[in-house]
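The values are calculated or read from the model by the stated rules, or taken from the named source; none is laboratory data. Only a predicted model underlies this, so the values are computations on that prediction, with no experimental measurement involved. Ideal geometry is used to build each Cβ from the backbone, glycine not excepted, and the neighbour counts take in all protein chains shown. Quick note on the areas: whole protein, heavy atoms, side chains included, nothing else; ligands and nucleic acids left out. Shrake-Rupley method; radii C 1.70, N 1.55, O 1.52, S 1.80 Å.
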Amino acid sequence: MRISDTSDRWWKNAVIYCLDVERYLDSDGDGCGDLRGLAQRMDYLAELGITCLWLMPLNPSPGRDDGYDITDFYAIDSRLGNFGEFVEVIRTARDRGIRVVMDLVINHTSDQHPWFQASRSSTDSPYRDYYVWRDDPPTKNQPSAFPGDAKSIWEFDRKTRQYYLHNFYKHQPDLNIAHPPVRDEIARMVGFWTELGVSGFRVDAVPFLIEAKSEAGGKNSQPDPADQPLPDPHDYLADISGFLSRRSSEAMMLGEVNLTHQQQLVYFGAGERRELQMQFDFVVMQSVYLSMVRHDSRPLAAALADRPELPADCQWGNFVRNHDELTLDKLSDTERQEVFEAFAPDPGMRLYDRGIRRRLPTMLGGDARRIRMAYSLMFSLPGAPVLFYGEEIGMGENLAVPDRYAVRTPMQWSAGANAGFSQAPAEQLVTPVVTGEYGPERVNVAAQRRDPDSLAHFMRTLIQAYRNSPEIGWGELAIVETGDDRVFAHLVRASIGSMLAVHNFADAPIGLTLTLPDVPPGSRLVDMLHNEVTPIEDGVVALRLDPYGYRWLRITSDADTRVG
């Protein structure tokens with residue numbers, strides 16, 4: 001690995017921060033966050049250490065799926081701002097070393113999109129094949145992506161007397177990516193936003209894009225064996241990636257692919273044929289929660305051991321929370337119930353029988369030790385960490401807000417009115433502010449910036465340690481035997497250096513002795529978080545961990561030229 005690679009393939013060791021513009025900062029007092037407000041907080045993000053900003057949808061939308069139901073892919077919701085302000089966000093971010101990526105929602109549109117309005121106007125409409133229509137759908141009872149919200153993925157349209165496909169809500173008809181004009185439109189979308197300065201895209205719900213399109217076909221017809229075979233959707237994903245690379249050599253695509261590791265491997269592509277440069281690791285995320293519930297590192301160790309080797313330019317996105325429900329669908333029924341009972345004991349805290357609609361601090365009962373251990377673990381695992389806005393200060397959720405939106409509440413900037421998010425009357429806010437123990441009176445940016453013992457300061461320290469350790473993003477993982485299942489230890493090694501991370505899942509102090517393979521004579525461990533030095537004797541090191549304690553230890557020697 002060359003040090004220049006860390007900038008050429010910047011996503012390998014990026015620190016990604018996801019935010020919803022309409023809930024971040026309101027600059028004009030209308031109760032809705034906006035692009036001007038985001039630009040005003042760019043220095044805050046730079047101070048935190050963020051290197052990549054992921055923006056949730058900005059497009060015009062009826063707002064029935066929080067912006068993922070889009071009516072114009074080439075416009076900005078007027079409540080959020082205009083193109084001049086968008087470009088100013090990009091420029092301001094770039095000036096502070098922050099790249100910007102945005103959601104690419106190409107599975108579906110809103111049913112209010114002009115394409116769909118034209119498509120449903122007549123079976124002879126030139127836009128008919130922009131969507132998937134059937135006289136008799138093949139699987140009428142197949143559930144949608146949101147169980148309980150729709151009984152089928154097919155909806156009958158009374159005007160044209162056919163069914164249209166929708167893998168999500170019925171007001172989000174699926175685009176037909178087998179139709180060449182739709183592919184052309186998607187290429188134009190990618191090219192359009194790339195020209196405005198974005199450095200890539202987070203691609204929404206990729207498996208639905210791939211799998212559901214086997215249903216696609218010609219106008220007004222049932223599948224016919226004489227038809228030409230549909231294009232391979234994986235080839236199409238590679239085509240989008242190739243087009244993006246031609247338009248911007250630095251751009252990448254981060255995919256939401258909630259599948260097993262082996263299934264995910266296909267979505268990265270093979271050889272020189274790239275599909276996605278990054279994917280979220282849902283399997284490891286879910287194993288972390290199971291390990292925390294059991295105070296046992298073995299579920300996490302098993303999930304990491306299951307990770308396949310990735311192409312050199314690809315990366316995992318590590319996270320403990322995102323903008324949706326905290327899905328637990330890769331756990332067994334028994335395992336999922338364990339996590340539910342520990343972290344979502346009230347059924348109102350659960351969603352779709354598979355996920356949790358809470359943030360991490362509330363799930364852990366506000367235990368600062370466990371919260372910090374969880375984030376330390378996330379940053380230390382091979383991959384790139386992904387934060388959801390407010391995690392850096394330990395925001396909670398508002399369970400009075402329905403469904404997944406419980407965690408999408410206004411950012412808490414201060415203890416003042418509306419958490420410093422907006423000067424509008426509280427009833428005009430786009431979403432109510434969190435109240436109670438995790439409300440802005442107790443959890444806010446202003447107070448934590450002044451407190452060296454705050455979670456925000458700890459997060460900055462973690463981010464700095466991560467950015468000073470490119471081996472985490474580029475190196476090879478080796479799980480180290482600890483002799484105690486309550487403790488997880490792993491090595492990450494690259495040509496530029498090696499580090500050891502140790503995490504205690506138990507509420508008890510633990511002493512242990514580790515044997516480190518292939519350690520040069522005279523090596524020692526330098527603690528990157530606590531400024532301590534521990535000697536290594538013949539490859540063996542003795543460590544002691546506090547309850548829920550953690551250590552980041554760089555393997556170094558007198559010959560090492562690295563600083564820190």
field: Residue pairs meeting the criteria (Cβ under 7 Å; at least 6 apart or on separate chains; first over 15 Å from SER241 (Cα atoms), in region 182-199; second in a helix (DSSP H, G or I))
entry: VAL182/TYR130; LEU196/PHE86; LEU196/VAL87; LEU196/ILE90; GLY197/VAL87; GLY197/ILE90
message: Testing TRP11 on (1) open to solvent by 10 Å² or more (accessible area, probe 1.4 Å); (2) under 19 Å from ILE393 (Cβ atoms); (3) in contact with a strand residue (DSSP E or B) (Cβ under 6 Å, 6 or more places away or on another chain), one condition comes back false. Which one is that?
response: (2)
Lone qualifier among VAL266, VAL257 - being open to solvent by 20 Å² or more (accessible area, probe 1.4 Å), modelled with pLDDT of 95 or more, of a type in the set (Val, Ile, Thr) and out of contact with any Lys or Arg (no Cβ under 9 Å at 6 or more places or on another chain): VAL266
message: As an exercise: evaluate ASP281 against (1) more than 18 Å from the chain's Cα centre (by Cα); (2) open to solvent by less than 10 Å² (accessible area, probe 1.4 Å) and give the number of the one condition it does not meet.
response: (1)
- prompt: So which residues in region 79-109 are of a type in the set (Val, Ile, Thr), within 30 Å of TRP10 (Cβ to Cβ) and not in a helix (DSSP H, G or I), if there are any at all?
  reply: ILE98, VAL100, VAL101, VAL105, ILE106
query: Are any of the residues in region 114-126 of a type in the set (A, V, I, L, M) and within 32 Å of the chain's Cα centre (by Cα)?
result: no
- request: Pairs only if they're at least six apart or on different chains, beta carbon under 7 angstrom, first in region 399-420 and closer than 10 Å to PRO432 by Cβ, second assigned to a helix (DSSP H, G or I); list them, first residue then second.
  value: THR409/ARG23; PRO410/ARG23; PRO410/ASN418; PRO410/ALA419; ASN418/ALA426
message: Condition (residue is within 25 Å of GLN315 (Cβ to Cβ), modelled with pLDDT of 95 or more and in a loop (DSSP other than H, G, I, E, B)) applied to region 24-47: is it met by at least one residue?
response: no
query: Of these, ASP313, ASP346, which one is of a type in the set (Asp, Glu), over 23 Å from TRP474 (Cα atoms) and open to solvent by 30 Å² or more (accessible area, probe 1.4 Å)?
result: ASP346
task: Could you pull out the residue among VAL533, VAL526, VAL480 that is over 24 Å from MET459 (Cβ atoms) and more than 30 Å from the chain's Cα centre (by Cα)?
output: VAL533
query: Quick one: which of ASP103, ASP28 is without any contact (Cβ under 8 Å) to a residue 40 or more places away in the chain, among the acidic types (Asp, Glu) and either under 22 Å from VAL320 (Cα atoms) or open to solvent by 10 Å² or more (accessible area, probe 1.4 Å) (or both)?
result: ASP28
- request: Go through region 129-147 and give me each residue that's farther than 13 Å from TYR163 by Cβ and modelled with pLDDT of 95 or more.
  value: ASP129, TYR130
- prompt: Out of all the residues in region 437-465, which are of a type in the set (D, E, K, R) and either part of a helix (DSSP H, G or I) or in contact with a strand residue (DSSP E or B) (Cβ under 8 Å, 6 or more places away or on another chain) (or both)?
  reply: GLU437, ARG449, ARG460
query: How many residues, within region 328-341, are touching a helix residue (DSSP H, G or I) at 6+ places or on another chain (Cβ under 9 Å) and surrounded by fewer than 16 Cβ atoms within 10 Å (Cβ to Cβ)?
result: 2
task: For ALA145, indicate whether it is assigned to a loop (DSSP other than H, G, I, E, B) and farther than 30 Å from ARG94 by Cβ.
output: yes
- prompt: Checking ASP66 against (1) at pLDDT 95 or above; (2) acidic (Asp, Glu); (3) within 24 Å of ARG321 (Cβ to Cβ), which single condition isn't satisfied?
  reply: (1)
Residue tally, condition more than 29 Å from ALA368 (Cβ to Cβ) and in contact with a helix residue (DSSP H, G or I) (Cβ under 6 Å, 6 or more places away or on another chain), over region 475-495: 1
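For every residue, the table says whether it meets (1) closer than 30 Å to SER27 by Cβ; (2) among the aliphatic types (A, V, I, L, M).
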| residue | (1), (2) |
| --- | --- |
| ASN82 | yes, no |
| PHE86 | yes, no |
| ILE98 | yes, yes |
| HIS113 | yes, no |
| PHE116 | no, no |
| ASP136 | no, no |
| PHE146 | no, no |
| ASN176 | no, no |
| GLU185 | no, no |
statement: Out of (1) open to solvent by 10 Å² or more (accessible area, probe 1.4 Å); (2) under 22 Å from MET395 (Cβ atoms); (3) among the charged types (D, E, K, R), the one ASP34 does not meet is (1)
task: Inspect region 49-58 for any residue being open to solvent by 10 Å² or more (accessible area, probe 1.4 Å) and touching a Cys at 6+ places or on another chain (Cβ under 8 Å) and give the result as yes or no.
output: no
message: Taking the conditions exactly as written (assigned to a loop (DSSP other than H, G, I, E, B) and either out of contact with any strand residue (DSSP E or B) (no Cβ under 7 Å at 6 or more places or on another chain) or charged (D, E, K, R) (or both)), does GLN112 satisfy them or not?
response: yes
